[in-house]
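Below is one structure, written out as structure tokens, with a few remarks after it.
The values are calculated or read from the model by the stated rules, or taken from the named source; none is laboratory data. Since we're looking at a predicted model, the values are computed, not measured. In this analysis, Cβ positions are derived from the backbone assuming ideal geometry, glycine residues included, and neighbour counts consider all displayed protein chains. Quick note on the areas: whole protein, heavy atoms, side chains included, nothing else; ligands and nucleic acids left out. Shrake-Rupley method; radii C 1.70, N 1.55, O 1.52, S 1.80 Å.
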Amino acid sequence: MNVIKDRVEVAIIGGGISGVALAYELSKRGVEVAVFEKNFLGSGSTGRCGGGIRQQFSTEENIRLAMESVKIFERMKEELGWDIEYYQGGYLILAHTEEEVKQFEKNVRLQRSLGLDVQWLERDEINDIVPELDVEGIGAIAATYCPTDGHAYPPKAVWAYADKARELGAHIYEFTEVKGIIVENGRASGVITERGETRSRFVVNAAGAWSPIVAEMAGVKLPNKPYRHEIMITEPLSHFLDPMVISFHDNVYFRQTMRGGIIGGWGDPEEKPGFNFASSLKFITTMARLLRKYIPALKPVRVLRQWAGLYDVTPDAKPILGPVKEVEGFLQMNGYSGHGFMVAPMCAVLLAQYITGEPLSIPLEPFSVERFEKEVRGEVSVVG
Amino acid sequence: MSDDQEEEIVCRCEDVSLKELLEAIDRGYTTLDQLKRYLRIGMGHCQGRTCLRLAAGVLARKLGKRVDEIEWPTVRPPILPVEISKLAEVDERDKR
Ligand SMILES: Cc1cc2nc3c(=O)[nH]c(=O)nc-3n(C[C@H](O)[C@H](O)[C@H](O)COP(=O)(O)OP(=O)(O)OC[C@H]3O[C@@H](n4cnc5c(N)ncnc54)[C@H](O)[C@@H]3O)c2cc1C
């Protein structure tokens with residue numbers, strides 16, 4: 001294997017969607033970068049995730065990040081030259097209680113004020129979007145639907161960014177773990193890896209659920225916690241389901257992939273934080289009961305696989321982006337709390353703008369880790 | 001290898017040819033985990049029972065390694081495809 005570069009402008013720790021998207025955005029701007037990934041690209045949460053891309057959030061920050069990311073996904077095929085199986089089949093978000101209806105009304109008002117096209121559906125209109133859904137059986141009383149939400153195949157998005165970044169001069173080192181961060185006079189100035197040292201002007205922590213461990217290498221504390229999240233896929237069926245269907249009430253979501261399988265996850269409210277990748281019977285049986293209830297026609301369909309990944313969760317379910325005050329030049333790009341695949345493209349643009357001193361398209365302060373010193377208002381539209 | 005051999009199918013569930021497998025390895029997808037995600041090889045009904053073994057052999061030859069040096073992807077349950085209605089009726093006393 002090649003020896004690693006001894007000096008670059010920016011050293012990025014982590015080769016998930018965040019790390020490679022940033023590598024691309026910086027390379028495009030003529031900045032020399034190196035990405036260090038301890039396993040293969042996408043082996044962390046990105047390659048395990050549901051691939052859902054939605055803009056229907058409850059906070060302005062998440063809505064704006066997601067709306068800008070959708071614009072990037074829409075031109076990705078052209079810009080990066082890969083078909084990442086991007087499909088805008090919409091997201092159907094179900095409300096089951098009056099309380100949820102009130103919250104969703106608020107969300108829709110905010111979303112529309114930011115220019116998002118979302119539709120409000122009464123109970124009897126839900127089947128217009130998904131005829132197979134047993135609206136009565138699941139107790140849905142209303143829903144919101146955004147037709148420009150959608151999904152993509154995450155591993156391909158990672159390779160698309162990585163290939164283009166390499167073409168533009170980025171150094172991407174797989175199977176290369178970062179063991180330490182060099183801090184000199186209060187400034188991050190490189191990384192120590194299994195294969196040697198690389199000096200840099202900036203060090204970016206894009207290590208997903210492992211970010212608190214990486215931050216610790218520079219003496220920085222992050223509030224993120226890793227939570228296992230399980231997911232499964234069925235055998236392929238002919239296409240019938242356009243949108244991602246999601247219920248915060250039942251903590252469940254599912255969609256159909258371009259290959260035809262139904263992919264979906266359920267969040268166990270009893271899950272404890274930790275680096276747990278085990279597949280559980282509790283998950284697959286609960287998920288099967290939910291699918292049977294939501295779409296009874298799925299009963300005879302066979303489940304092919306289940307697996308688990310980690311959510312990298314912050315106290316307000318918003319990412320941590322940008323500098324920290326303890327160590328200059330040590331930038332955070334983590335804490336996506338279960339919806340990072342969809343917003344990483346825009347987060348990469350923002351960090352690239354910050355590093356090159358360009359004007360920022362969206363201010364970074366609301367994403368600063370310092371916000372946790374005060375009381376924070378959290379994102380409520382999440383499958384926890 | 002002759003053209004005929006290259007048209008041979010290595011993964012029947014996902015219809016992947018030997019040629020596609022060799023091209024993927026040349027593009028730098030040099031672990032079974034990566035090949036699985038890139039070609040969907042081993043993601044079909046058979047859960048990789050035949051194709052992953054074949055792919056491991058091809059990969060080993062290409063990389064000049066022994067087959068037992070090729071790392072196997074994590075085995076994902078259920079080992080055989082199971083119907084949603086059957087899983088829904090499983091009583092999970094094993095609360096894990
Ligand atoms: C089951 C599941 C379903 C999900 N569904 C969705 C969804 O539908 N939509 C959505 O937007 N998001 C979803 N998410 C969340 C999404 O997967 C993550 O937010 C996103 O992938 C985060 O990307 P990342 O690049 O920040 O992290 P990761 O993809 O985890 O990348 C971090 C990388 O850093 C590497 N690393 C760690 N430590 C080191 C080190 N010391 N040295 C070198 N490398 C290191 C890891 O190996 C890893 O590859 C889901 C997550 C899970 C688990």
Could you identify which residue out of A:Asp163, A:Asp128, A:Asp312 has the top mean-square fluctuation in a GNM of chain A using Cα springs shorter than 10 Å?
A:Asp128
How many angstrom lie between the C-alpha centres of segment A:291-330 and segment B:14-70?
28 Å
Between segment A:1-71 and segment A:180-257, how many Å separate their Cα centres?
9 Å
Under DSSP H, which helices of chain A have Cα atoms covering 15 Å or more of the helix axis and a Kyte-Doolittle average no less than -1.0?
A:17-28, A:60-80, A:154-167, A:281-294, A:340-356
For the interface of B with A, what's the total buried accessible surface in square angstrom, probe 1.4 angstrom, rounded to the nearest hundred?
3200 Å²
Accessible surface ranking that places the most exposed of A:Tyr311, A:Tyr294 first, with a 1.4 angstrom probe:
A:Tyr311, A:Tyr294
Max mean-square fluctuation residue, GNM over chain A, Cα-Cα springs under 10 Å, options A:Lys272, A:Lys318, A:Lys156
A:Lys272
Of the candidates B:Arg37, B:Arg53, B:Arg27, which one comes out as most mobile in a Gaussian network treatment of chain B with C-alpha springs shorter than 10 Å?
B:Arg27
Sort A:Met333, A:Met217 by accessible area with a 1.4 Å probe, largest first.
A:Met217, A:Met333
For the A:Thr97, A:Ser238 Cβ pair and Förster radius 45 Å, calculated FRET efficiency rounded to 0.05 is 0.85
Output for segment A:332-384: trypsin sites (Lys or Arg not before Pro) sitting in coil per DSSP, at most 12 other Cβ within 10 Å, listed by number, reads A:Lys374, A:Arg377
Are there trypsin sites (Lys or Arg not before Pro) in segment A:295-335 that DSSP marks as loop and that have at most 11 other Cβ atoms within 10 Å, and which are they?
A:Lys325
Restricting to Cα pairs below 8 Å that are 6+ residues apart, what does the relative contact order work out to for chain A? Please round to a whole percent.
23 percent
What are the GluC sites (Glu not before Pro) within segment A:224-332 that DSSP puts in a loop, where the Cβ has at most 13 other Cβ atoms within 10 Å?
A:Glu270
Give the shape of the protein assembly as shown as rounded, prolate or oblate, defined through the alpha-carbon gyration tensor: a ≥ b ≥ c are the square roots of its eigenvalues, a/c under 1.5 means rounded, and otherwise the shape is prolate if a/b is larger than b/c and oblate if not.
oblate
How much net charge surrounds B:Ala60 when only the other residues with a Cβ under 12 Å from the Cβ of B:Ala60 are counted, with Lys and Arg +1 and Asp and Glu -1?
+2
Quick one: net charge of B:Ser85's neighbours, Cβ under 11 Å, K/R +1, D/E -1?
+3
Tell me, what is the 1.4 Å probe accessible area of A:Leu114, in Å² to the nearest 10?
50 Å²
Amide hydrogen neighbours beyond the local backbone of A:Gln119, cut-off 5 Å, H modeled:
A:Tyr145, A:Cys146
Taking the Cβ of A:Val327 as the centre, find all other residues whose Cβ is under 14 Å away and add up their charges (Lys, Arg: +1; Asp, Glu: -1).
-1
Using only helices, what value at 222 nm comes out for the protein assembly as shown when you add -39,500 (n - 2.57) per DSSP H run of length 4 or more and divide by the total residues, to the nearest 500 deg cm²/dmol?
-9500 deg cm²/dmol
Given the pairs A:Lys179/B:Lys36; B:Lys36/B:Lys62; A:Lys272/A:Lys374; A:Lys38/A:Lys318; A:Lys77/A:Lys164; A:Lys71/A:Lys106, which are separated by over 21 angstrom at their Cα positions?
A:Lys179/B:Lys36; A:Lys272/A:Lys374; A:Lys38/A:Lys318; A:Lys71/A:Lys106
